[in-house]
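Participant: I'd like to ask some things about the structure below.
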Amino acid sequence: METTKTAESITDLTRKGTCIEFFSAYQELDTERMINLATPDATVWFEPLGEGGKGLFQEFGKNVWSLLIDCFPDLDNTVDSMYSEDELIICKVAIFGTQKKGFMGLPSKGLKFNSDHIFVFRFDENDKIIDLKINWNHESFVAQLTGV
């Protein structure tokens, strides 16, 4: 039996390393380190939030991640899979934590959430993040935090 191995490019490996660094910084609740992996004009879109979920990575993204960290002080993540597709790196990640403060209109009931997310990273030629799209089942997230 013959096996075929597909070699990943150095670029893909470098970009995947940047994604791992992003999630490592996220685990350590270090928004500065997360932000420094992106270009100054990089964008982020938290897709379930619609048009109101779009903004600059270094401003809007940092504010959202800081709010998450403040409201879910034990916020954590597990990278389940990562693959490259064309110029993108796609990561399937479980995000979880316990709510300690009100978050985006959801009063804290001290409940936990565990939510599968898809992060789609796009990079420039210097392997810096230029765009990040994040998607998750928002209805499930809300249901977990409201106990409904």
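The values are calculated or read from the model by the stated rules, or taken from the named source; none is laboratory data. On a predicted model such as this, the values are computed, not experimentally measured, just so you know. Note that we place each Cβ from the backbone using ideal geometry, even for glycine, and neighbour counts take in every protein chain shown. Each accessible area value is taken on the protein alone, full model and side chains, heavy atoms only, with ligands, DNA and RNA left out. Shrake-Rupley method; radii C 1.70, N 1.55, O 1.52, S 1.80 Å.
Participant: Kindly provide the set of residues from segment 109-127 that are more than 12 Å from Glu47 (Cβ to Cβ), open to solvent by less than 70 Å² (accessible area, probe 1.4 Å) and either of a type outside the set (A, V, I, L, M) or without any contact (Cβ under 8 Å) to a residue 24 or more places away in the chain (or both), ordered by number.
Facilitator: Step one: list which residues in segment 109-127 are more than 12 Å from Glu47 (Cβ to Cβ), which gives 109-116, 121-127.
Narrowing the set further to residues that are open to solvent by less than 70 Å² (accessible area, probe 1.4 Å) leaves 110-111, 113, 115, 121, 123-124, 127.
Once the filter is applied, which keeps residues that are more than 12 Å from Glu47 (Cβ to Cβ), open to solvent by less than 70 Å² (accessible area, probe 1.4 Å) and either of a type outside the set (A, V, I, L, M) or without any contact (Cβ under 8 Å) to a residue 24 or more places away in the chain (or both), segment 109-127 yields Gly110, Phe113, Ser115, Phe121, Phe123, Asp124, Asp127.
Participant: Another question, if that's okay. Within the group Lys92, Lys101, Lys133, which residue is open to solvent by 20 Å² or more (accessible area, probe 1.4 Å), within 25 Å of Gly52 (Cβ to Cβ), out of contact with any strand residue (DSSP E or B) (no Cβ under 6 Å at 6 or more places or on another chain) and not hydrophobic (A, V, I, L, M, F, W, C)?
Facilitator: Lys101
Participant: Which residue out of Gly147, Gly105, Gly50 is in contact with a Leu (Cβ under 7 Å, 6 or more places away or on another chain) and either free of Cβ contacts under 8 Å to residues at least 12 places away in the same chain or not hydrophobic (A, V, I, L, M, F, W, C) (or both)? Lay out the reasoning, then the answer.
Facilitator: Working: Gly105 fails: in contact with a Leu (Cβ under 7 Å, 6 or more places away or on another chain); Gly50 fails: in contact with a Leu (Cβ under 7 Å, 6 or more places away or on another chain).
Matching residue, one of Gly147, Gly105, Gly50: Gly147.
Participant: Let me ask another. Considering every residue within segment 96-112, establish whether at least one is under 22 Å from Asp12 (Cα atoms) and among the aromatic types (Phe, Trp, Tyr). Don't jump to the end; show me each part of the working.
Facilitator: First pass over segment 96-112, keeping only residues under 22 Å from Asp12 (Cα atoms): none.
The answer is no; no qualifying residue exists.
Participant: Output the number of residues of segment 29-39 satisfying the condition of being under 23 Å from Asp116 (Cβ atoms) and assigned to a helix (DSSP H, G or I).
Facilitator: 2
Participant: Right, another one. Only residues that are touching a Lys or Arg at 6+ places or on another chain (Cβ under 8 Å), assigned to a helix (DSSP H, G or I) and open to solvent by less than 50 Å² (accessible area, probe 1.4 Å): list them for segment 40-72, please.
Facilitator: Matches in segment 40-72: Cys71 only.
Participant: Quick one: how many residues across segment 1-28 are in a loop (DSSP other than H, G, I, E, B), at pLDDT below 95 and either open to solvent by 70 Å² or more (accessible area, probe 1.4 Å) or within 20 Å of Ile95 (Cβ to Cβ) (or both)? Walk me through how you get there before you give the answer.
Facilitator: Going residue by residue through segment 1-28, those that are in a loop (DSSP other than H, G, I, E, B) are 1-9, 28.
Next cut, at pLDDT below 95 only: 1-9.
With the extra rule that they be either open to solvent by 70 Å² or more (accessible area, probe 1.4 Å) or within 20 Å of Ile95 (Cβ to Cβ) (or both), the set shrinks to 1-8.
The number of residues fulfilling the criteria is 8.
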